[in-house]
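Working notes for the structure below.
The values are calculated or read from the model by the stated rules, or taken from the named source; none is laboratory data. Predicted model, so just to flag it, every value in this text is computed and none were measured. Note: ideal-geometry Cβ built from the backbone for every residue, glycine included; neighbour counts use all protein chains shown. The accessibility values were calculated without ligands, DNA or RNA, using every heavy atom of the protein model including side chains. Shrake-Rupley method; radii C 1.70, N 1.55, O 1.52, S 1.80 Å.
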Amino acid sequence: MKLLLHACCGPCSLEPVRKLQEAGHDLTIYYANSNIAPADEYERRREVLCSWADEQRLPVIEGSYEPAAWEAAVHDAVCSRNREERCRACYRLRFRQSAAYAASHGFEALGTTLSVSPYQYTDIIKEELEAAAKEAHLTPLFEDYRPFYDEATRRSKALGMYRQNWCGCRISAAEAAAEREERKAARAAARAAHAAEHAAERAEEQAAQMARKAQRAAYDKKQQRKREILKQIRLANKAQEQSEAEPTPRTHN
């Protein structure tokens, strides 16, 4: 099929593109990601994707970059602090934009690379992709690419691709930073607990060593006392033996 593949970045595109090409689809990548902020991050991800796609001789179409539209789309979900609903609104915006382009440019099907990440809501991605494709009279081509995440990671590292550590939006960046701080604090607490445990074990061992030394010293003192007593007994016996061995002096009447 003539497939428009929504893509979020280069690393996440590696395995989906490979699988779809093996299946014989005619691919065009569509970069529609108004969620990515700030603008230089958006541009960096686009350039990495385009550079790789050019090497693969894959066409890339860039959708409009409208951060304000994204903010409006996720406003209610953000205000309710519901991460799952925020992501749903984000998926919906990007898939509808992709579906509209696909429908107006002769594509038959719509797919996405988002499901390669184990950190995304895969079921919601499927629901929103299918809804957007149905509205635009396209065939939804969803696949759960999470089993290929490790291979995508390996390949992207081998290619020297820029790899981001958050999905792209300003909120996820703040959440990722907070989570990293939490993990850092947890590691520090674990190290402190381990150090305290080690110190306690060391103190216990030192106390045990001191107790053993005290016991040994007491034992040595007791044995020394026994030796001194035995020595005194031997000396006394020897003196008695010498006394008994001396001749008794004669007396004259």
Top-ranked residue of region 160-194 - restricted to ones that are hydrophobic (A, V, I, L, M, F, W, C) and within 19 Å of Glu43 (Cβ to Cβ), ranked as modelled with the highest pLDDT: Met161
Only one of Glu43, Glu71 that is under 31 Å from the mean Cα position of the chain (by Cα), among the acidic types (Asp, Glu) and surrounded by fewer than 14 Cβ atoms within 10 Å (Cβ to Cβ): Glu43
The residue that is nearest to the chain's Cα centre (by Cα), considering only those in region 194-243 that are open to solvent by 80 Å² or more (accessible area, probe 1.4 Å) and among the acidic types (Asp, Glu), is Glu197
Inside region 110-136, can you point out the residues that are of a type outside the set (Asp, Glu), part of a helix (DSSP H, G or I) and open to solvent by 50 Å² or more (accessible area, probe 1.4 Å)? Lys126, Lys134
Look through region 75-95, keep the residues that are under 25 Å from Glu15 (Cβ atoms) and more than 26 Å from the chain's Cα centre (by Cα), and return whichever of them is surrounded by the fewest Cβ atoms within 10 Å (Cβ to Cβ). Arg92
What pairs come out if I take residues in region 61-81 that are over 10 Å from Ala32 (Cβ atoms) and pair them with residues that are acidic (Asp, Glu) whose C-beta lies under 8 Å away, six or more apart or interchain? Asp76/Glu85; Ala77/Glu85
Taking only pairs six or more apart or across chains, which ones have beta-carbon atoms under 8 Å, a first residue in region 9-20 that is under 13 Å from Gln56 (Cα atoms) and part of a loop (DSSP other than H, G, I, E, B), and a second residue that is modelled with pLDDT of 95 or more and open to solvent by 10 Å² or more (accessible area, probe 1.4 Å)? Gly10/Val48; Gly10/Ser51; Gly10/Trp52; Gly10/Met161; Gly10/Tyr162
Across region 137-175, which residue is surrounded by the most Cβ atoms within 10 Å (Cβ to Cβ) among those that are acidic (Asp, Glu) and touching a residue at least 24 places away in the same chain (Cβ under 8 Å)? Glu143
Residue check, Arg57 against (1) surrounded by 14 or more Cβ atoms within 10 Å (Cβ to Cβ); (2) part of a loop (DSSP other than H, G, I, E, B), all met but one. Which one? (1)
